[in-house]
Structure formats: C-alpha cells, structure tokens
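Notes for the one structure printed next.
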Amino acid sequence: MSRPAVSTALLVVDVQNDFCPGGALAVPEGDIIVPGINAAMAAAPSVILTQDWHPAGHSSFASSHPGRAPFETTDMPYGPQVLWPDHCVVGSHGAAFHRDLATDRADLVVRKGFHRTVDSYSAFFENDQTTPTGLDGYLRSRGIASLTIVGLATDFCVAYSARDAARLGYAVTVHMALCRAIDLDGSLAAAFADMQALGVAID
Ligand code: VGL
Ligand code: ZN
C-alpha cells in the first residue's frame with residue numbers, strides 16, 4: 001500500500017480566546033478571521049494548529065516582574081522580551097481555542113511557551129532561537145515542504161513562525177486576509193520587512 005502524499009500544510013496560529021476581543025491580550029478583530037480560517041482548513045490537505053500554553057507565573061508575564069507593566073520590554077538571558085498581560089494560562093478558558101474554530105480538522109496541535117523561563121512565539125523554536133518545538137521533525141517525516149500560515153498575531157507568532165519556517169527551507173506563504181496584528185511600536189512593519197527579506201510570500 002502506498003502512503004498518501006502530502007506536500008503542503010496550513011498552519012493555524014494561536015486562534016485562542018485570549019487573543020480575541022474580550023480576551024486578556026485581545027488582538028483587534030481577532031475573531032473575525034475564524035470563518036475564513038475554517039473554510040481554508042476544509043480545503044487544506046493537512047492542518048496544524050498552534051496553541052500558546054503558559055504555566056501560571058510565566059516569565060513573559062509582566063506580573064512576574066515586580067514594578068514592570070504589560071507591553072514594556074525586558075532583557076532575558078536569551079535577549080529582549082516584551083512583557084505581556086497574563087494570557088493563555090494552561091487549562092484556562094483564555095487558552096482554549098475560539099469556540100467556532102473547526103479544530104476537528106487538525107492533524108496536530110503544537111503547544112508552545114510551556115517552559116516557565118522561555119517564551120515561544122514561533123511554532124518551530126522558542127525565543128532562545130535554539131530550543132525546538134518538534135514541528136520541523138513532524139513536517140519532515142510527513143514530507144511536508146510548504147506551508148501557508150494564518151492566525152494571530154501577524155507581527156508576533158505568525159511572523160516568527162514564518163521566519164523560522166523560511167530559514168528551515170520551507171516554502172512559506174502568509175495569507176494576510178486571515179491574520180490580525182497587535183502592532184506594538186512598529187512591530188507590524190518590522191515583521192513585514194523581516195518576512196520579505198527571507199522570501200516569505202505575502203498574499
Ligand atoms: C502571542 C504575544 C504573546 C501571539 C503569544 O500569539 O502572537 N503574542 N504570546
Ligand atoms: Zn504567549
């Protein structure tokens with residue numbers, strides 16, 4: 001028997017309650033993209049979801065740094081890190097996928113950000129840029145060489161995932177109509193420049 005050949009996958013990044021209006025780190029219009037993502041998932045040969053998944057007291061939370069406020073930047077051993085409101089805490093409602101997201105369609109859910117002292121924006125590597133999530137090995141062993149990326153937030157987890165995927169040699173497209181951004185101090189423009197420099201297709 002021959003294996004079904006899969007060469008491309010849709011990577012759906014962090015479509016979770018805390019990134020939707022009403023959530024702890026709400027992205028404007030974060031929920032508006034859900035129906036379009038469901039349609040894209042229905043048409044994709046393989047679907048992978050990511051889920052931001054932080055233990056309480058995570059080092060990316062401003063509340064873990066006395067005297068510091070959300071959206072300030074701090075220095076971590078691995079480099080600069082934005083401090084966020086507490087969000088996507090393991091097992092919480094905020095960490096759950098948006099209720100209308102058709103999660104049954106997913107072949108794999110990649111959780112990230114579960115190490116207390118390291119954040120992880122990218123679906124491939126934690127913010128130290130060396131600790132792998134395992135997604136690269138999964139994709140390679142399935143023969144998946146190209147990715148379309150959608151979800152939240154354009155300028156953080158989507159962009160970091162796209163950048164790492166391009167560096168790892170995947171053909172990457174970010175489908176902007178199905179992404180929404182935080183846009184903190186020029187982060188969206190910086191993300192675009194980064195992605196374009198690495199040959200990520202933006203459509
Ligand atoms: C994200 C900030 C913190 C994201 C996750 O999904 O873009 N942003 N954690
Ligand atoms: Zn996070």
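Every number in this text was worked out from the coordinates using simple rules, so none of it is lab data. Predicted model only: the values in this text are computed from it and were never measured. Cβ coordinates were reconstructed from backbone atoms using ideal geometry, including for glycine residues, and neighbour counts include every protein chain displayed.
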What is the spin-label model distance, in nm, from Thr8 to His65 if the labels are put 7 Å beyond Cα along the C-beta direction? 4.0
Counting sequence-distant residues (5 or more places) and residues on other chains, those with an amide H built under 5 Å from that of Val13 are Thr50, Val150, Gly151, Leu152
As a test of the definition: which semi-axes, in Å, follow for region 135-200 when you take the square root of five times each eigenvalue of its alpha carbon gyration tensor? Largest first, please. 22, 12, 9
Checking region 53-111 for chymotrypsin sites (Phe, Trp or Tyr not before Pro) in a loop per DSSP with at most 14 other beta-carbon atoms within 10 Å yields Phe71
May I ask you to derive the FRET efficiency for Gln196 and Arg116 from their Cβ-Cβ distance with R0 = 25 Å, giving the value to the nearest 0.05? 0.15
Over all Cα pairs of the chain, the Kirkwood radius sets Rh, and Rg/Rh then becomes 0.95
Around His98 (Cβ within 15 Å, Cβ-to-Cβ, excluding His98; K/R +1, D/E -1) the net charge comes to -4
With a point put 7 Å past each Cα toward its Cβ, work out how far Asp185 is from Ala39 in nm, to one decimal. 3.8
Along the Cα-to-Cβ line of Ala177, 7 Å from the Cα, sits a label point; which residues in region 138-163 have backbone N less than 18 Å from it? 148-152, 154
Whether region 7-62 is rounded, prolate or oblate, judged on the alpha carbon gyration tensor where a/c under 1.5 counts as rounded: oblate
Hey, what number do you get for the chain at 222 nm if only DSSP H runs of n ≥ 4 count, each worth -39500 (n - 2.57), divided across all residues, to the nearest 500? -5500 deg cm²/dmol
Tell me whether region 86-181 comes out rounded, prolate or oblate; compute the Cα gyration tensor, take square roots of the eigenvalues as a ≥ b ≥ c, and use a/c under 1.5 as the rounded threshold. rounded
Taking a ≥ b ≥ c as the square roots of the eigenvalues of the Cα gyration tensor of region 40-86, is the shape rounded (a/c under 1.5), prolate (a/b larger than b/c) or oblate? prolate
